[in-house]
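Trainee: If you scroll down you'll find the structure; I have some questions about it.
The values are calculated or read from the model by the stated rules, or taken from the named source; none is laboratory data. Here the structure is a predicted model, which means the values were calculated and not measured. In this analysis, Cβ positions are derived from the backbone assuming ideal geometry, glycine residues included, and neighbour counts consider all displayed protein chains. Remember, those area values only see protein heavy atoms, side chains included, never the ligands or the DNA or RNA. Shrake-Rupley method; radii C 1.70, N 1.55, O 1.52, S 1.80 Å.
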Amino acid sequence: MTLHDAYDPNNIFAKILRGEMPSMKVYEDDVALAFMDVFPQSEGHTLVIPKQVEARNLLDMPSDYLGSYVQRVQKVARAVEAALSPDGLVVSQFNGAPAGQTVFHLHFHIIPRWEGKPLGRHASGGMATAEELEPIAKRIRAAL
Ligand code: AMP
């Protein structure tokens, strides 16, 4: 698998975009969808994915769509900050499996951080339940 393999339309985020898989949505418009990460590295770990593009990673992303997509990343990051009042926020994005990418549809992570609270493991911690995620998602939605 290389950085430039063909886009797989059956990746899990493509299925979420088509409504074939559930997700705990916090924001959606014609450009992007944001939802809670089900293996959160911290409370409020949110993902923002672009719609209407088949981009595996940042290198694949048509540059004409990048500005509007990153605006949505900032919008959701601001809402996460307003909703949860973290001490810091990691906004991260991995390109290719050796870099840590596990789902091959472009996405940015928004990961709130609190002083003294360790970061959970990437894509391999415990799976959160809908009951755990819904109250956090509700607070983020209310801040949008
Ligand atoms: P990456 O490893 O950067 O590709 O990030 C993929 C992220 O997607 C990881 O943080 C996973 O925990 C998360 N993830 C995987 N499957 C799902 C899913 N069905 N719903 C929400 N998040 C998911």
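Trainee: State whether one or more residues within region 78-94 are acidic (Asp, Glu) and out of contact with any strand residue (DSSP E or B) (no Cβ under 9 Å at 6 or more places or on another chain). Outline the logic, then answer.
Mentor: Taking region 78-94 as the starting set, the residues that turn out to be acidic (Asp, Glu) are 81, 87.
Pick out the ones that are also out of contact with any strand residue (DSSP E or B) (no Cβ under 9 Å at 6 or more places or on another chain) and you get none.
Checked against the condition, which is being acidic (Asp, Glu) and out of contact with any strand residue (DSSP E or B) (no Cβ under 9 Å at 6 or more places or on another chain), region 78-94 yields no hits at all.
Trainee: Related question: Within region 33-70, can you find the residues that are among the small types (Gly, Ala, Ser) and either within 16 Å of the ligand (Cβ to nearest atom) or part of a loop (DSSP other than H, G, I, E, B) (or both)? Spell out how you get there, then give the answer.
Mentor: Residues of region 33-70 that are among the small types (Gly, Ala, Ser), as a first pass: 34, 42, 44, 55, 63, 67-68.
Answer for region 33-70, where residues must be among the small types (Gly, Ala, Ser) and either within 16 Å of the ligand (Cβ to nearest atom) or part of a loop (DSSP other than H, G, I, E, B) (or both): ALA34, SER42, GLY44, ALA55.
Trainee: Right, something else. Looking at GLY120, is it under 23 Å from LYS15 (Cβ atoms) and either open to solvent by less than 40 Å² (accessible area, probe 1.4 Å) or in contact with a Ser or Thr (Cβ under 9 Å, 6 or more places away or on another chain) (or both)? Steps first, answer last, please.
Mentor: Working: under 23 Å from LYS15 (Cβ atoms): no; either open to solvent by less than 40 Å² (accessible area, probe 1.4 Å) or in contact with a Ser or Thr (Cβ under 9 Å, 6 or more places away or on another chain) (or both): yes.
So GLY120 does not fit the description; no.
Trainee: Check off (1) within 20 Å of ILE16 (Cβ to Cβ); (2) buried (at least 17 other Cβ atoms within 10 Å of the Cβ); (3) more than 14 Å from the ligand (Cβ to nearest atom) for ILE110 and give me the number that stays unchecked.
Mentor: Going through (1) within 20 Å of ILE16 (Cβ to Cβ); (2) buried (at least 17 other Cβ atoms within 10 Å of the Cβ); (3) more than 14 Å from the ligand (Cβ to nearest atom) one by one, ILE110 breaks only (3).
Trainee: The conditions are (1) open to solvent by less than 80 Å² (accessible area, probe 1.4 Å); (2) more than 14 Å from GLN41 (Cβ to Cβ); (3) within 14 Å of the ligand (Cβ to nearest atom); (4) not basic (Lys, Arg), and PRO98 fails exactly one of them. Which is it?
Mentor: (1)
Trainee: Please pick out the residue among GLU81, GLU132, GLU115 that is open to solvent by 20 Å² or more (accessible area, probe 1.4 Å), farther than 26 Å from HIS4 by Cα, within 16 Å of the chain's Cα centre (by Cα) and of a type in the set (Asp, Glu).
Mentor: Details: GLU132 fails: within 16 Å of the chain's Cα centre (by Cα); GLU115 fails: within 16 Å of the chain's Cα centre (by Cα).
Answer to the check: GLU81.
Trainee: Further, regarding this structure: Between residues in region 18-32 that are more than 19 Å from LEU133 (Cβ to Cβ) and part of a loop (DSSP other than H, G, I, E, B) and residues that are among the hydroxyl-bearing types (Ser, Thr, Tyr) and open to solvent by 40 Å² or more (accessible area, probe 1.4 Å), which pairs lie under 8 Å by C-beta distance while being six or more apart or on different chains?
Mentor: Going by the 8 Å Cβ cut-off, the qualifying pairs are VAL31/TYR65.
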